[in-house]
Structures are given as C-alpha cells and as structure tokens.
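The values are calculated or read from the model by the stated rules, or taken from the named source; none is laboratory data. This structure is a prediction, so every number in the text was calculated from the model and none was measured. Using ideal geometry, Cβ is built from the backbone for each residue, glycine included, and neighbour counts are taken over all protein chains shown. In case anyone asks, the SASA skips ligands and DNA or RNA and just uses the protein heavy atoms, side chains included. Shrake-Rupley method; radii C 1.70, N 1.55, O 1.52, S 1.80 Å.
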Amino acid sequence: MALGEFSLIDRYFKRLASPASMPGMVGVGDDAAILPISPGHKLVVCKDVLVEGRHFFSDVAPDALGHKSLAVNLSDLAAMGAKPIGCLLGLGVPTINETWLASFAAGLGALADRYRCPLIGGDTVASEQGIFISVTALGTLHEKQPGLLRSAAEVGDDIWVSGPLGVPDIALRILLGTLADPQNRLPGLRVGLERPEPRVALGQQLLGVANAAIDISDGLTQDLGHVLQASGVGAVIDLEQLPVDQRLAVFDPSVVRDAVLYGGDVYELCFTVPAQYRPRVIAVGESLGLELFRIGKVRRQPGLFAQTDGSLTELKPKGFDHFARSAR
Ligand SMILES: Nc1ncnc2c1ncn2[C@@H]1O[C@H](COP(=O)(O)OP(=O)(O)OP(=O)(O)O)[C@@H](O)[C@H]1O
Ligand SMILES: Cc1ncc(C[n+]2csc(CCOP(=O)(O)O)c2C)c(N)n1
Ligand SMILES: [Mg+2]
C-alpha cells in the first residue's frame, strides 16, 4: 500500500527525535514539541507549511492568507495549552508584488498583535513554483505543566469540541466547484475557511481541566483518531450532539454530515475532560463567551464509534491526508 502522510512521518522522521537528548522532551507526534528549558518554563514549538494551490487558492485575499499562516500555528500552540511568545516566517514568492506583500504582512501582523506573538525572524526567498509559507510559532508552558498531550486521554473522559464544524469544508467545495451554492452562501462561509480563529485563550484555560487536546486541522474523526491512538483508548461520539453551523441547513444533509465528520481546516479544539470537571468546562466556555459542545466519551475498547438512536457503528478515522488520492 502507498505510504500516507502519517506513516511517512513515522517511518522517516519520528525516530530522529530522541527524548534522551533532553529528558522530559515531547518530540515528533503531538501538535507541538515541548522542550523543558529550565528554570521555570518549557518552550513549545510548532511549524505548519502552506503551499499555493494545495492550502490556498492563488487569488485568496493576501491579508487573509497572512492571518491564516499564523492562525494555524497558534492553533497548534492552543492545542498544547501553550502561551504564544513569538513566531518566524519562511516565505517563498515568485515575484515581488508590494501591494500583495503589504496586505499579507498586515494580516499576519494584526493577528500577531492580537495574541502578542511578534514576528521575530524568518527567511525570504524567490520561488520558482508559486507561493509557499512556513511559519514557526513559539510558546511557553510553566515547568510543572505537562501540556495538553494527545497521549493523555483517559477512559471515562468526556469529549468536547470548541465550536461548530463543517463550514470550511463546505466553503472549499463551493470554491472548487464540486458543490452548488444556489443561495449564494459562499461570502459568509468562506470566512471560516480563510480566516480561522485560533482558540488560544481556551487552550490555556483548559490546563488543569482537560487531559488531552488536538486542533481539528484534518477533520474530526482523523484528528480525534490521533488522540485515541496516542492514548491507547477508543471512543463513542453521539452524532446528534455534533455542532453543525446553522448556515449549512440549506445544503444536502449527507454532504453536511461528511463535512462535519471528515472536513478539515476547522481549527476548533477537540479535547477530553474527566466527567467530574463538566461544570469547570462550562465555566471556562462562559468566561470566554464560547459555546463548547460535549460530543462523546472515551472508553477502553479501541476504535471510534458513532451512536445514533441506540445503535453503534464504527467510524473509520478519515480526513485530509496530503498523499491520499482524495487530496489531489
Ligand atoms: N517533516 C517532518 N519532520 C519532523 N516531524 C514532522 C514532520 N512532519 C510532521 N512532523 C510531526 O509529526 C506530527 C504530526 O504532524 P501533523 O502535521 O499531522 O500535526 P499538526 O501540525 O498538528 O497538523 P496539521 O499540519 O494538519 O495542522 C507533529 O508532531 C509534527 O511536528
Ligand atoms: C486550495 C485548497 N485546497 C484544499 C484545501 C484543504 N486542505 C488543504 S491542507 C488541509 C489540512 C490542513 O493542512 P496541513 O495538514 O498541511 O496542516 C486541508 C483541509 C485548502 N484549504 N485549499
Ligand atoms: Mg494540530
């Protein structure tokens, strides 16, 4: 069978991260790496690459692209519970277009200001083949804080998500021309795809409350699947409890269901919390003005199952994989 994105990483890169080189380090395999740089703090580091035609359309608004390039990284820091401290920008552009660059920088800069995550360095090159962007984000955790690891979900935990799912995938399908939009919903929906809001404050407030967390970049079942696999557990989710954006009601319900379960680019957090902390999760949501949704439960039996009126069906973790046929 062809190698996919995740088996490629496991086969060639996971073993290069040796925890022995720095005791307490979290290396390849989570949303971000954690380096215990004593005293007092741990450094949390992540990187996401965005490639023209693959992660964004060539005509995307440059300020939205600047925003998203940082947002997807802040989202990975949020998924660890880390506080952002700075970022670096790797940028490849085919030509110098100052109008484009000014707008891209303004979009990135506005988000960096909002989360006090200044741009502190990077690298700029000419690219032969379209625009590519590689942002590295740095954050901190207190030295005593393990962070919200993918591997820390416990049997009996509730599973929560931080917001409605499906909008970015529906917007993407409309833009790709594979889904009709007779009621012209795209202008509202594309904001979800192009300007995701990283759940930075939520991630930090979940420290000491949640056990595990991940951000939903590739799709709910695939990303929750990473948490279940890393924690050696399974889960049941209740399809009726999955939060679906009201604006999607005009589309075919089976298309919306697929977008909710498997659609990527969401950048909401999916996190697991001991059942006795339910009131604390609700209080965190209220303090941030965020509606949080309890969608299922972690259990011992491996695999991800969906509950619909009493019966269970297995959900194969499915979502975005760069090297899957469906991603081309
Ligand atoms: N080329 C690579 N070398 C080393 N580690 C890698 C490489 N590519 C990915 N990883 C690591 O593999 C793990 C999984 O990567 P993945 O990209 O799925 O995570 P993510 O950044 O949370 O998701 P997404 O990219 O969808 O936002 C992460 O710990 C990441 O740092
Ligand atoms: C033009 C265009 N085509 C496809 C997509 C969908 N898409 C691309 S990468 C990705 C997962 C997250 O990326 P990564 O895993 O690299 O961090 C998704 C859902 C898009 N946003 N734009
Ligand atoms: Mg992530």
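Quick notes
- Of everything in the stretch 191-224 that is open to solvent by less than 20 Å² (accessible area, probe 1.4 Å) and either assigned to a loop (DSSP other than H, G, I, E, B) or at pLDDT below 95 (or both), the residue that is nearest to Leu65 (Cα to Cα) is Pro196.
- Residue list for the stretch 243-284, filter: in contact with a strand residue (DSSP E or B) (Cβ under 9 Å, 6 or more places away or on another chain) and either of a type in the set (Gly, Ala, Ser) or modelled with pLDDT under 95 (or both): Ala259, Gly263, Ala275
- For the criterion of being buried (at least 18 other Cβ atoms within 10 Å of the Cβ) and either of a type in the set (A, V, I, L, M, F, W, C) or assigned by TED's automatic domain parsing to the domain that holds Phe271 (or both), Ala102 fails.
- Within the stretch 148-182, considering residues that are among the polar types (S, T, N, Q) and open to solvent by 10 Å² or more (accessible area, probe 1.4 Å), the one nearest to ligand 3 (Cβ to nearest atom): Ser151
Rundown of residues vs (1) open to solvent by less than 80 Å² (accessible area, probe 1.4 Å); (2) part of a loop (DSSP other than H, G, I, E, B); (3) within 16 Å of ligand 1 (Cβ to nearest atom), yes/no style:
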site: Ile282; (1), (2), (3): no, no, no
site: Glu286; (1), (2), (3): no, no, no
site: Ile295; (1), (2), (3): yes, no, no
site: Gln301; (1), (2), (3): no, yes, no
site: Ala306; (1), (2), (3): yes, no, no
site: Lys318; (1), (2), (3): no, yes, yes
site: Asp321; (1), (2), (3): yes, yes, yes
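- Residue within the stretch 63-75 that is surrounded by 17 or more Cβ atoms within 10 Å (Cβ to Cβ) and of a type in the set (Ser, Thr, Tyr) present: yes
- Only residues that are within 23 Å of Asp123 (Cα to Cα), open to solvent by 70 Å² or more (accessible area, probe 1.4 Å) and more than 8 Å from ligand 1 (Cβ to nearest atom) were counted across the stretch 5-48, and they come to 0.
- Filter pass, Gly203 being within 16 Å of ligand 1 (Cβ to nearest atom) and touching a residue at least 40 places away in the same chain (Cβ under 8 Å): yes
- Asp238 vs. criteria assigned by TED's automatic domain parsing to the domain that holds Asp158, under 20 Å from Arg150 (Cβ atoms), among the acidic types (Asp, Glu) and open to solvent by 10 Å² or more (accessible area, probe 1.4 Å): no
- Answer residue from the stretch 57-104, given it is over 22 Å from the mean Cα position of the chain (by Cα) and under 20 Å from Lys47 (Cβ atoms) and is farthest from ligand 1 (Cβ to nearest atom) among those: Val93
- Residues (assigned to a loop (DSSP other than H, G, I, E, B) and closer than 26 Å to Gly109 by Cα) located in the stretch 7-64: Asp31, Ala32, Gly53, Arg54, His55, Phe57, Ser58, Asp59, Val60, Ala61
- Taking the stretch 73-90 as the range and being part of a strand (DSSP E or B), within 16 Å of ligand 3 (Cβ to nearest atom) and out of contact with any Gly (no Cβ under 7 Å at 6 or more places or on another chain) as the test, only Cys87 passes.
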